[in-house]
Amino acid sequence: MRFEEIPEYSRLTCRSKYRCGDDILPEMKTSSSSSRLWRAVVRNWAHVNEGIEWRLGDGKRTKFWLDAWIPNCGKLVDLVTGPVSQLEMHEVVVDYTTPSGGWDWDRFEYRLPDQIRAKIAAVSSSFELLSARPKDLAASSPAACSFLFMVMWDNKLLTNAERVRRGMTDVASCSRCGGVYEDVLHAIRDCPNAKNLWMRLVRSAHWPEFFSSDLPSWLLLNVSKQIGRLQMDWPTTFATTCWSLWKWRNEAIFANKVEPVTDWFFTVVHRTRSYKEDFSSFLNQRTRAPSRIDKIVKWDKPELGWIKINVDGACNSEHAAKAACGGVARNAQGMFVGAFTRNLGSCSVIHAELWGVLSGLEMALHYQYRKVVIEMDSLVACELIKSPLMDSHPCAALLRDIHRRCCDVGEVVFQHVFREGNRAADAMARLAHDSRLQLSFLLSPPGDIISFLDDDNRGVGTLRSCVG
Ligand SMILES: [Zn+2]
């Protein structure tokens, strides 16, 4: 039974009569005057809690600050450590997500205590949030394409028209064909080269609808119908083609590359076919309903010949602007080989996380580690680094530096670990608040992290409730 299935009126009665609190999962307790029935309910409530599957729905109706939507956590407005404006007060959960469906941590992280952020991070693994936008778009395409889709759906693709709107330039025309207005539809569908490609891919019976729809109808048409000439799944082909066209457009404009020598048609067909395997595993991943499991999280030693650098960023929540990062390097035996601190002055949480990664790479270069695992607890930072670089992202410059440093180091692997596995780096980042502004290396471990190093080396773990 799910609590939300009890009719509204009896829920209210239960809550006030039995003083369960107004959290989304009621608090169940007995008093000396409780009936036998109520005692039995309370006794068995633990099993209900265990059996509950957490679903946020599409996040469009739940108020981020005012509704109690995080299990056993209360309303965020009661826990906040920084100001929330009247306007923000009425924003819904989906307003706090990025186009790719992850949390937009920059918007709220600095205003909430650590343990609350951890709880939100756990909810974020629920891909239900994606349903705020056409789910099929996201589910039927590889990660890179689905990200492009979300941006297209929100009409945020950085075309010349969008650049003009943001005051970045005053020329909205298409630099490839001279068309007056390069918006999303022009860049991806109507520019002559793109149009030629679509005419080879789409059955001619569908051309009128295909070439005249507005953006939302066009996206919906392409995920809901099989309108391709070839024996290939159309939404998949469509996703791959959009992605390829946008990439070629950027190469032509920014890298001054002449139009590709290879035939666009065959390139798209080839890419679509080779994505097929990725799709199925991607789909399996996404359709599984999230359920909570407890698991032991611990720090793992890197493989022989590798150095693992755990990095972390920290923002002082009392003074949101005070940021720092730190990290710890260890070898395959789990032994400490070095650490770093860097006081960042003032920047956002996500910047601080990325500065941690960049500093870790600088440390690797300084000590000439050639095979490096960079491990961080920020899923957002980790995904940003692994995804294709978006010029419009506020962290684009930092990300570009990170990609460049990787090439200098040699072999670099980025991976995510839960906070419980990153405690030594977290402690270094907090120490860094009092350190100098430039990157400083330490050759012996500071007292604050010795117990963490010791726990990690012995494989001591911490229990965590995860979405599995
Ligand atoms: Zn054009």
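Every number here is computed from the coordinates shown, using simple stated rules; none is lab data. The model shown is predicted, which means the values in this text are computed figures rather than measured ones. Note that each Cβ is placed from the backbone with ideal geometry, even for glycine, and that neighbours are counted across all protein chains shown.
Per-residue HN-Hα couplings for the stretch 372-383, Karplus 6.51 cos²θ - 1.76 cosθ + 1.60 at θ = phi - 60°, whole Hz, x for Gly and Pro?
Karplus-based 3J(HN,Hα) across the stretch 372-383 equals 10, 9, 9, 10, 9, 9, 8, 5, 4, 4, 4, 5 Hz.
Relative contact order (percent) for the stretch 297-467, with alpha-carbon contacts under 8 angstrom and 6 or more residues of separation? Before the final figure, lay out each step's value.
Numbers: 375 pairs, mean separation 56.9, N = 171.
Here the relative contact order equals 33 percent.
Could you check how many percent of all C-alpha pairs in the stretch 297-467 are farther apart than 27 Å?
Details: 2576 of 14535 pairs.
Pairs farther apart than 27 Å: 18 percent.
From the residues Leu354, Ser444, Pro388, which one has its Cα farthest along the dipole of the stretch 353-468 in the positive direction, the dipole being from +1 and -1 charges on Cβ of Lys/Arg and Asp/Glu about the Cα centre?
Pro388
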